[in-house]
Amino acid sequence: MTAPIPRPGILDIAPYQGGKSSSKGATRIIKLSSNEGAFGPSPKAIEALRKSADKLHRYPDGGCDALRQKLAEKYDLEAGQIVCGAGSDELITLLIRAYAGPGDEVLYSQHGFLMYPITAKGVGAVPVTAAETHMTTSVDALLAAVTDKTKIVFVANPNNPTGTYITSAEMARLRAGLREDILLVIDAAYAEFMTGQEDYTAGIELVRAGKNTVMTRTFSKIYGLGGIRLGWCYAPVDVADVLQRLRNPFNVALPTQEAGLAALDDDDFVDACVRHNTETREWFRDEIGKLPGLIAHPSYGNFVMVEFPREAGRDADAANDFLMERGVIPRKIGAYGLSQMLRISIGTQEEMQICLQAIKDFVNS
Ligand SMILES: *Cc1c(COP(=O)(O)O)cnc(C)c1O
């Protein structure tokens with residue numbers, strides 16, 4: 001018997017595994033596996049979402065006009081160069097579908113976000129990685145990995161799961177070193193958490209400076225809206241035009257658009273989230289650093305990578321099992337080549353206290 005065969009590349013995809021959300025037997029679950037934010041969704045977004053219920057029979061505005069207008073005002077951008085998507089994942093997918101095909105290379109950093117290789121393989125393109133230095137994107141390594149077949153370079157800045165970032169000068173050096181026909185995508189999913197780093201920008205100036213750089217953003221992290229799927233990108237006119245042609249006509253749901261609009265007004269919520277995140281993250285890193293054998297890596301996102309000894313029973317896998325039994329759910333990141341680490345999202349102060357105590361008990365067990 002013959003059967004339909006998917007296009008080359010698709011069966012090479014290791015399906016994306018989301019963070020776990022349950023643990024058998026545990027009475028209280030503390031989910032620190034998906035960087036979803038400590039404070040839940042923006043209250044203004046919840047309110048707007050509820051109100052949108054009466055309109056669910058209506059198709060959404062396919063162009064997300066109000067949302068793009070509001071984003072343009074907030075960030076001082078051209079609304080016509082903003083494209084909204086069902087999460088930034090959709091925009092990453094559209095960019096790869098538009099600019100890479102069979103045999104083309106999609107380049108990203110060694111511990112870069114897994115959506116890049118997943119989507120590249122989906123179009124038959126070849127994902128290529130460039131080594132990192134100290135868990136940080138290396139511009140030199142990326143430039144050295146470029147070939148005639150390179151079509152797109154992705155840099156998550158700051159990166160997930162490593163939490164590190166490269167400076168705006170380094171990003172500009174990367175852009176300057178890439179051929180003009182290579183698309184550079186700066187994935188700034190965690191940009192809002194970057195406070196006090198004056199050498200960091202999300203990349204808007206590079207989008208403006210040419211025809212070949214795109215910045216992607218998301219409502220999933222700072223606004224706590226991962227469940228309703230909303231992302232956006234700022235792109236050169238021609239790239240925005242391509243994405244508008246390629247996207248589904250109603251790619252962003254109506255309640256999502258309404259909630260997103262309201263969230264953009266919730267500056268108090270954003271400020272509180274950022275302040276809480278920075279304070280709690282640094283406190284948590286300090287405390288982990290006091291435990292023998294553990295390293296809490298520096299992070300600029302709403303998560304921390306904790307490194308465990310590579311010793312059976314004391315390693316990241318054992319720590320993961322121990323924490324899971326207590327209802328504390330971290331993220332294993334072996335799929336990122338970091339099997340000695342667990343990525344732990346920053347939750348509330350109380351959640352992080354419980355998580356810390358569980359890690360202490362593991363270390364002393
Ligand atoms: C979470 C995350 C995203 C956002 O994904 P959405 O599809 O917008 O929820 C994008 N890039 C990175 C690096 C992330 O960690």
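The values are calculated or read from the model by the stated rules, or taken from the named source; none is laboratory data. Predicted, not measured: the structure shown is a model, and the values here were computed from it. Note: ideal-geometry Cβ built from the backbone for every residue, glycine included; neighbour counts use all protein chains shown. The protein model used for the area step is the full one, side chains on, heavy atoms only, and it has no ligands, DNA or RNA in it. Shrake-Rupley method; radii C 1.70, N 1.55, O 1.52, S 1.80 Å.
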*asked:* Among the residues that make up the stretch 290-304, is at least one of them β-branched (Val, Ile, Thr), touching a Cys at 6+ places or on another chain (Cβ under 8 Å) and not in a helix (DSSP H, G or I)?
replied: no
*Consider only pairs whose beta carbons are under 8 Å apart and that are at least six residues apart or on different chains; among these, list those whose first residue lies in the stretch 63-85 and is open to solvent by 10 Å² or more (accessible area, probe 1.4 Å) and whose second residue is part of a loop (DSSP other than H, G, I, E, B).*
Gln81/Ala235; Gln81/Pro236
*Given the conditions (1) over 20 Å from the mean Cα position of the chain (by Cα); (2) under 29 Å from Pro8 (Cα atoms), which single one is not true for Glu198?*
(2)
*What is the number of the single condition among (1) part of a loop (DSSP other than H, G, I, E, B); (2) farther than 24 Å from Thr164 by Cα that Ala263 does not meet?*
(1)
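Looking only at the stretch 204-213, which residues are part of a helix (DSSP H, G or I) and open to solvent by 10 Å² or more (accessible area, probe 1.4 Å)?
Hits for the stretch 204-213 are Ile204, Glu205, Leu206, Arg208, Ala209.
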*With respect to Arg275, determine if the residue is in a helix (DSSP H, G or I), away from the ligand (no atom under 16 Å from the Cβ) and open to solvent by less than 40 Å² (accessible area, probe 1.4 Å).*
no
*Wholly within the stretch 95-185, which helices (runs of 4 or more DSSP H) include no fewer than the required count, namely at least 3 residues that are within 15 Å of the ligand (Cβ to nearest atom) and of a type outside the set (A, V, I, L, M, F, W, C)?*
115-122
*How many of the residues in the stretch 327-339 are of a type outside the set (Lys, Arg), open to solvent by 20 Å² or more (accessible area, probe 1.4 Å) and over 18 Å from Pro117 (Cα atoms)?*
1
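Test Ile288 against the stated conditions and say whether it is among the β-branched types (Val, Ile, Thr), in contact with a strand residue (DSSP E or B) (Cβ under 7 Å, 6 or more places away or on another chain) and open to solvent by 30 Å² or more (accessible area, probe 1.4 Å).
Details: among the β-branched types (Val, Ile, Thr): yes; in contact with a strand residue (DSSP E or B) (Cβ under 7 Å, 6 or more places away or on another chain): yes; open to solvent by 30 Å² or more (accessible area, probe 1.4 Å): no.
The answer is no for Ile288.
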*If only one of Ala262, Ala358 is small (Gly, Ala, Ser), within 30 Å of Leu56 (Cα to Cα) and touching a helix residue (DSSP H, G or I) at 6+ places or on another chain (Cβ under 7 Å), which one is it?*
Ala262
_Name the residue that is nearest to Val274 (Cα to Cα), counting only residues in the stretch 214-241 that are part of a helix (DSSP H, G or I) and away from the ligand (no atom under 13 Å from the Cβ)._
Ala240
*Go through Thr133, Thr93, Thr129 for me and flag whichever is closer than 27 Å to Leu261 by Cα and either among the polar types (S, T, N, Q) or buried (at least 20 other Cβ atoms within 10 Å of the Cβ) (or both).*
Thr93
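Here's the yes/no breakdown for (1) touching a Pro at 6+ places or on another chain (Cβ under 9 Å); (2) in contact (Cβ under 8 Å) with a residue 60 or more places away in the chain; (3) on the phi > 0 side of the Ramachandran plot; (4) of a type in the set (Phe, Trp, Tyr):
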{"residue": "Thr280", "(1), (2), (3), (4)": "no, yes, no, no"}
{"residue": "Lys290", "(1), (2), (3), (4)": "no, no, no, no"}
{"residue": "Arg310", "(1), (2), (3), (4)": "no, no, no, no"}
{"residue": "Asp321", "(1), (2), (3), (4)": "no, no, no, no"}
{"residue": "Gln340", "(1), (2), (3), (4)": "yes, no, no, no"}
{"residue": "Glu350", "(1), (2), (3), (4)": "no, no, no, no"}
{"residue": "Ser365", "(1), (2), (3), (4)": "no, no, no, no"}
*Do we find a residue being in contact (Cβ under 8 Å) with a residue 60 or more places away in the chain, open to solvent by less than 40 Å² (accessible area, probe 1.4 Å) and in a loop (DSSP other than H, G, I, E, B) anywhere in the stretch 40-55?*
yes
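Could you check, for the stretch 278-291, whether at least one of its residues is within 16 Å of the ligand (Cβ to nearest atom) and within 22 Å of Asp181 (Cα to Cα)? Don't jump to the end; show me each part of the working.
Taking the stretch 278-291 and keeping what is within 16 Å of the ligand (Cβ to nearest atom), we get 281.
Adding the requirement that they be within 22 Å of Asp181 (Cα to Cα) leaves none.
Looking for residues that are within 16 Å of the ligand (Cβ to nearest atom) and within 22 Å of Asp181 (Cα to Cα), one finds none in the stretch 278-291, hence no.
Does Ser88 satisfy the criteria of being at pLDDT 95 or above, within 16 Å of the ligand (Cβ to nearest atom), open to solvent by less than 40 Å² (accessible area, probe 1.4 Å) and not aromatic (Phe, Trp, Tyr)?
Details: at pLDDT 95 or above: yes; within 16 Å of the ligand (Cβ to nearest atom): yes; open to solvent by less than 40 Å² (accessible area, probe 1.4 Å): yes; not aromatic (Phe, Trp, Tyr): yes.
The answer is yes for Ser88.
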